[in-house]
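Please read the structure below before turning to the comments.
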Amino acid sequence: MAPGLHVFITVDHFRRCHEAGLYGVRPSSVNQLAQVRDGDGAWLYARKAGVFFGPYRCVGPVRYLGPEVEQPVWEWAAPASKREKYRFVVALAAPPHLRRLGVAAFYEAASGAGVDLHAADFVKRSVFSFLPAQGPRVAAAMATAPGQRPLPFFARPRPMPVEDLMPADVAHLPALLAAERLDESLLEFLLAREEGGLTRALAARPAFNQLRIDDRGNRVDLVYTSPGNIFIIELKNGRRDAEARRDIVRYELWARGHRRRLAAALGMADERPTVTPVLVAAGGPARPTDCRIYDWRLAPPGRLLFERLT
């Protein structure tokens, strides 16, 4: 699998991210890190300045800082608290000479690679990940994009040691849940990365999450694929209600209308895969059966279990 490409968005912590060799998100945004893997490429977007810096390389797995850290990395969650606000982190390796790219040049390079970006990709977001087939093309376009300015005066980063930090994965879920809540964001993060219970239930593999479907920022929670099939998944930590079913049917209609482009962007060989809507939620009515419905629960010691209802 080719390395992915991500944009890590920060309002005013760019220099600290660069110096620490680290980028972090709040627990409520950890699902946005689900596509990040060791060896992927990344650019840091300083949103207040409107400038992209990079290209960085992601090193190792997504890790968890823990409930307390000895010294602040970015900022505390509350006054006099030892609890860091941005607790899920990715280690970054900086290039020998950092490059600076303006917003217009970044958009133009992406467009030249056949990828249309929207303001919704970078507003109220911590991370934007390109689809699997898009990342290598955009990375190549960025390498030769005009208007780049080298920044040799930037200090070499002094990376914060993260090797001993706990990887954020299902294997460490019991320890993780001792300090964090299994909310919808963390559940989505795990299901987008782990080939576990839901993978077996659907006989499919996770392909992508947080898939934007319009310029208003609406996103599909999870996309799983198997040969000839795309599963469009709406995930709820709470109850399955009429609103959740309406959402998943709306996403299904969008996916059916865009199945060829979606299959190509996901790197699928089948040009016209079958699209199946799936609602994964605990509690509430399981009918009408306008989509496939799975119940889920957490069983000790940190196992995620899934049962098909319709």
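All of the numbers you see were taken from the coordinates with simple rules; none came from a lab. Here the structure is a predicted model, which means the values were calculated and not measured. Methodologically, a virtual Cβ is constructed for each residue, glycine included, from the backbone with ideal geometry; neighbour enumeration extends over all protein chains shown.
At a glance:
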read-out	value
Order by protection proxy (mean Cβ within 10 Å, highest first), peptides 31-39, 114-122, 48-56	31-39, 48-56, 114-122
Residues 266, 202, sorted so that the one with the fewest Cβ neighbours within 10 Å comes first	266, 202
Residue order, fewest to most beta carbons within 10 Å, for 63, 261	261, 63
Among 289, 33, 131 - extreme Cα towards positive end, dipole of the chain, charges at beta-carbon	131
Ranking of 291, 58 by count of other Cβ atoms within 10 Å, fewest first	291, 58
Gain in span if fully extended, residue 82 to residue 237, counting 0.36 nm per residue against the direct Cα distance	53.0 nm
Estimated inter-spin distance, residue 123 and residue 272, nm [label 7 Å along Cα→Cβ]	3.7 nm
Relative contact order computed over the range 181-308 (Cα-Cα under 8 Å; 6+ residues apart), in percent	21 percent
Residue among 190, 131, 298 with the largest mean-square fluctuation in a Gaussian network model of the chain, springs linking Cα atoms under 10 Å	298
For peptides 275-281, 230-236, 170-176, sequence by mean Cβ density within 10 Å, most packed first	230-236, 275-281, 170-176
In the range 108-210, GluC sites (Glu not before Pro) in a DSSP loop with at most 16 other beta-carbon atoms within 10 Å	163, 195
Charged-residue dipole, Cβ positions (Lys, Arg, Asp, Glu), the chain about Cα centre, Debye nearest 20	400 debye
Extended-chain gain in nm, criterion 0.36 nm per residue less alpha-carbon gap, residue 199 and residue 93	34.9 nm
Unit charges on C-beta of K, R, D, E only; dipole of the range 181-308, Debye	180 debye
Neighbour cut-off at most 13 other Cβ (10 Å), DSSP loop, GluC sites (Glu not before Pro), the range 31-94	68, 70, 75
Relative contact order, percent, the chain [alpha-carbon distance under 8 Å, six or more residues apart]	16 percent
Hits among aspartates and glutamates - C-alpha to C-alpha of residue 82 under 18 Å, sequence gap 8 or more where chains match	68, 70, 180
Residue (of 86, 298, 111) at the positive-pole extreme of the chain, dipole from beta-carbon charges	111
Cα gyration tensor shape for the range 181-308, rounded if a/c is under 1.5, else prolate or oblate	prolate
